[in-house]
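Enquirer: Dumping the structure here so I can ask a few things about it.
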Amino acid sequence: MNFKTILIIACFVSIYTAKAQDPIFTQSNYVQETLNPGFSGFEDNERIYAGVLSRLQWPSLDLNLTTQYAFVNKSFDYGPSLGFGVGVNATWQHESFNNYNYIQINANYAHRVNLNGGWFFRPGIEVGVGSKSNRFGNLTLADQININTGVVNPVSVDPLSNNTGNRYFIDFSTGIVFEKTEFNGITYWFGASVKHLNRPNISFVEGEKVPLNIFYSIHGNFRFPFLNDYSIMMTANYMQQGQYNRLDIGTLFQVNQFLVGLTAATNPARNDNNSHLLTSVNAFLGLEYTQFRFGMSYDMNTSKIGNTRGVYEFSLTYLSRCRRCNTDRSRKR
């Protein structure tokens, strides 16, 4: 095998040694559907909430990643004591160097429980079907090449040569959200989620098992008025999968229809001597127009990984009007 083929296989091995960490979005602090199925129907009053996120990571490297996410959910309300939300979402990730592809489609359900004192409890579940592939059929292995004649044999005796198909798996996740009803412009919620409860097998090798690590997340949001017509939102999100973890702490200022946010992404575990506590500083700019919100973010790398030109994300979300409200209230998030 040539050097590039060896490097491709090395990348493949490293990916699955790390148990294929989940895609993470910088704007998950603002679009929590990426984290927790308990947010399905979170806006209440039979409103439809939908959106797309697009992420480009490390465009200066050959190992750049692109990730796309789309979702739609709707709330169903039958008075203050009964309500639920249903939705679907899809994720697609592509890694350019070794043609790694990951696709997953999920359906979710969240129930709303009315507690005392203006509190709501929202447990949610999610069931999905995922697929991972590396297009091994494009590889030429050493035993396929006849050095004397230069003929390339289409068949290899390597045990991996027949494992060129996609790996499909079923995935189960769950989450909860506690929410306090708005009072004097102050709102807050906190939640937690656990993904890959069944630890699906993602190994490409027939007969071998590589269970996907469970993904844990704890997140919270506190929003309060500022100078009468403006607002400030504070966010925090802790995530852990296997030995890797991440803590995002940020704030979002809303002035009329304009939004400006800043988030610090940290690595509390610092798994080796080269790890940094602060891995990136992430800036966000947004604009609300009628029922739409446009968002752009840029992650400025602060680690020693090199000149990656950062991470870019674009988001577009839609929230339908509140038909049951006397006045069309603003978003909760």
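The values are calculated or read from the model by the stated rules, or taken from the named source; none is laboratory data. Given the structure is predicted, the values throughout are model-derived calculations rather than measurements. Backbone-built Cβ (ideal geometry, glycine too); neighbour counts: all protein chains shown.
Enquirer: What is the one condition in (1) farther than 26 Å from ASN106 by Cβ; (2) surrounded by 15 or more Cβ atoms within 10 Å (Cβ to Cβ) that VAL260 does not satisfy?
Expert: (2)
Enquirer: Output the number of residues of segment 207-218 satisfying the condition of being under 19 Å from VAL129 (Cα atoms) and in a loop (DSSP other than H, G, I, E, B).
Expert: Residues meeting the conditions: 5.
Enquirer: Which residue out of SER54, SER40 is crowded, with 24+ Cβ neighbours inside 10 Å and of a type in the set (Ser, Thr, Tyr)?
Expert: SER40
Enquirer: Could I ask something else about it? Test of understanding: among THR290, THR235, which residue is more than 18 Å from GLN32 (Cα to Cα) and of a type in the set (Val, Ile, Thr)?
Expert: None of the other options fit; the residue is THR290.
Enquirer: Are there any pairs, at least 6 apart or on different chains, whose C-beta atoms fall under 9 Å, with the first in segment 40-53 and in contact (Cβ under 8 Å) with a residue 60 or more places away in the chain and among the hydroxyl-bearing types (Ser, Thr, Tyr) and the second assigned to a loop (DSSP other than H, G, I, E, B) and crowded, with 17+ Cβ neighbours inside 10 Å, and if so, which?
Expert: Note: pairs meeting the criteria are TYR49/SER40; TYR49/GLY41; TYR49/PHE42; TYR49/GLU43.
Enquirer: Checking the structure you have, find out if any residue of segment 190-206 is surrounded by 12 or more Cβ atoms within 10 Å (Cβ to Cβ), touching a helix residue (DSSP H, G or I) at 6+ places or on another chain (Cβ under 6 Å), modelled with pLDDT under 85 and more than 18 Å from GLN240 (Cα to Cα). Talk me through it step by step, then tell me what you get.
Expert: Of all residues in segment 190-206, those surrounded by 12 or more Cβ atoms within 10 Å (Cβ to Cβ) come to 190-205.
Those still in the list that are touching a helix residue (DSSP H, G or I) at 6+ places or on another chain (Cβ under 6 Å) too: 191.
Okay, now just the ones that are also modelled with pLDDT under 85, so none.
No, the conditions are met nowhere in segment 190-206.
This table checks each residue for (1) over 18 Å from the mean Cα position of the chain (by Cα); (2) part of a strand (DSSP E or B).
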site	(1), (2)
SER231	yes, yes
ALA265	no, yes
HIS276	yes, no
ASN282	no, yes
TYR298	no, yes
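Enquirer: Just one of the numbered conditions (1) farther than 25 Å from TRP92 by Cα; (2) surrounded by 14 or more Cβ atoms within 10 Å (Cβ to Cβ); (3) at pLDDT below 90; (4) not acidic (Asp, Glu) is not true of ASN228; which one?
Expert: (2)
Enquirer: What residue, of ASN221, ASN201, is of a type in the set (S, T, N, Q) and within 21 Å of LYS132 (Cβ to Cβ)?
Expert: Just one listed residue meets the conditions, ASN201.
Enquirer: A further question follows. Looking only at segment 184-206, which residues are assigned to a strand (DSSP E or B) and in contact with a Ser or Thr (Cβ under 7 Å, 6 or more places away or on another chain)?
Expert: Within segment 184-206, ALA192, SER193, VAL194, LYS195 meet the criteria.
Enquirer: Can you give me the number of residues within segment 175-186 that are surrounded by fewer than 19 Cβ atoms within 10 Å (Cβ to Cβ) and at negative phi?
Expert: 7
Enquirer: May I ask you to verify whether ILE24 is closer than 24 Å to ILE202 by Cα, modelled with pLDDT under 95 and within 13 Å of the chain's Cα centre (by Cα)? If you could, list the steps in order and put the result at the bottom.
Expert: Values: closer than 24 Å to ILE202 by Cα: yes; modelled with pLDDT under 95: yes; within 13 Å of the chain's Cα centre (by Cα): yes.
Against the criterion (closer than 24 Å to ILE202 by Cα, modelled with pLDDT under 95 and within 13 Å of the chain's Cα centre (by Cα)), ILE24 qualifies.
Enquirer: Just give me the residues in segment 117-149 being modelled with pLDDT under 80 and either of a type outside the set (Val, Ile, Thr) or buried (at least 17 other Cβ atoms within 10 Å of the Cβ) (or both), in sequence order.
Expert: Within segment 117-149, ASN134, ARG135, PHE136, GLY137, ASN138, LEU139, LEU141, ALA142, ASP143, GLN144, ASN146, ASN148 qualify.
Enquirer: Among the numbered conditions (1) under 13 Å from the mean Cα position of the chain (by Cα); (2) of a type outside the set (Asp, Glu); (3) within 20 Å of ASP171 (Cβ to Cβ), tell me where VAL88 comes up short.
Expert: It fails just one condition, (1).
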